[in-house]
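The values are calculated or read from the model by the stated rules, or taken from the named source; none is laboratory data. As the structure is a computational prediction, the values presented were derived from the model and not from experiment. Because the Cβ atoms are built from the backbone with ideal geometry, glycine has one as well, and the counts that use them run over all protein chains shown. Just so you know, the surface numbers come from the protein's heavy atoms only, side chains and all, with ligands and any DNA or RNA stripped out. Shrake-Rupley method; radii C 1.70, N 1.55, O 1.52, S 1.80 Å.
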Amino acid sequence: MKLEVVVVPVADVDRAKDFYTGLGWRLDADVSTGADFRVVQVTPPGSPASIIFGTSVTSQAPGSAQGLHLIVDDITAAYDELKRLGAAPSEVFHDAGGVFHHAGTDARIPGPAPERDSYGSFLSFSDPDGNGWVLQEVTTRLPGRLDP
């Protein structure tokens with residue numbers, strides 16, 4: 001099994017489409033069967049998984065998707081790119097616990113993880129509806145974390 005699509009609830013489909021494609025995400029589909037149903041699919045660069053949003057594709061409240069993760073190999077470069085593209089990312093941070101980040105902004109320590117440990121550095125941003133994304137820097141995968 002592979003995770004292929006995640007539904008992201010939005011209030012304004014065109015605004016969301018402009019935001020995500022403005023980040024350089026590939027537009028895979030924009031299909032409507034009338035005024036009451038539309039689905040847009042976009043894919044982050046290099047990702048095998050996509051997101052969809054639209055009209056009548058979810059009953060979730062716009063902005064309620066939180067903790068959506070994207071993996072990058074250089075958190076500083078990702079920050080620079082998101083800022084350049086207008087996504088208003090948080091500063092790079094690592095977590096006080098050192099294992100994973102806490103929800104919200106609790107326990108954030110400014111700057112990348114000590115010695116740039118893989119899996120330890122993060123940044124966050126939100127789409128125009130408030131759906132929350134977290135970027136995590138992974139430079140070396142832990143054993144067993146790659147498909148053969």
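Structure summary
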{"read-out": "Nearest-0.05 FRET efficiency for Thr58 and Arg26, computed from C-beta distance (R0 25 Å)", "value": "0.75"}
{"read-out": "Full-extension gain in nm, Ala88 to Gln66, via 0.36 nm per residue minus C-alpha separation", "value": "6.3 nm"}
{"read-out": "Relative contact order (percent, whole number), the chain, Cα cutoff 8 Å, 6+ residue spacing", "value": "23"}
{"read-out": "Two-site FRET efficiency, Ile109 against Asp36, from Cβ-Cβ distance with R₀ of 41 Å, rounded to 0.05", "value": "0.30"}
{"read-out": "Degrees between helix 75-84 axis and first principal axis of the chain (Cα, 0 to 90, nearest 10)", "value": "40"}
{"read-out": "15 Å beta-carbon shell around Leu123, net charge (K/R +1, D/E -1)", "value": "-4"}
{"read-out": "Virtual spin-label span in nm between Ser47 and Asp73, 7 Å along Cα→Cβ", "value": "1.8"}
{"read-out": "Linear extension gain, Leu3 paired with Ala96, 0.36 nm per residue minus alpha-carbon span", "value": "30.5 nm"}
{"read-out": "Rounded tilt (10° steps) of 13-22 against the dominant C-alpha axis of the chain", "value": "40"}
{"read-out": "Sum of -39500 (n - 2.57) over DSSP H runs of 4+, divided by residues of the chain (222 nm, nearest 500)", "value": "-4000 deg cm²/dmol"}
{"read-out": "Probe 1.4 Å - accessible area at Trp25, Å² to nearest ten", "value": "20"}
{"read-out": "Among Val42, Phe19, Ala96 the positive-end extreme of the charge dipole of the chain (Cβ point charges)", "value": "Val42"}
{"read-out": "For the range 1-116: accessible area per residue (Å², 1.4 Å)", "value": "60"}
{"read-out": "Beta bridges per DSSP with both ends in the range 55-148, % antiparallel, nearest 5", "value": "65"}
{"read-out": "Point-charge dipole on Cβ atoms (K/R +1, D/E -1) for the chain, about Cα centre, debye to 20", "value": "140"}
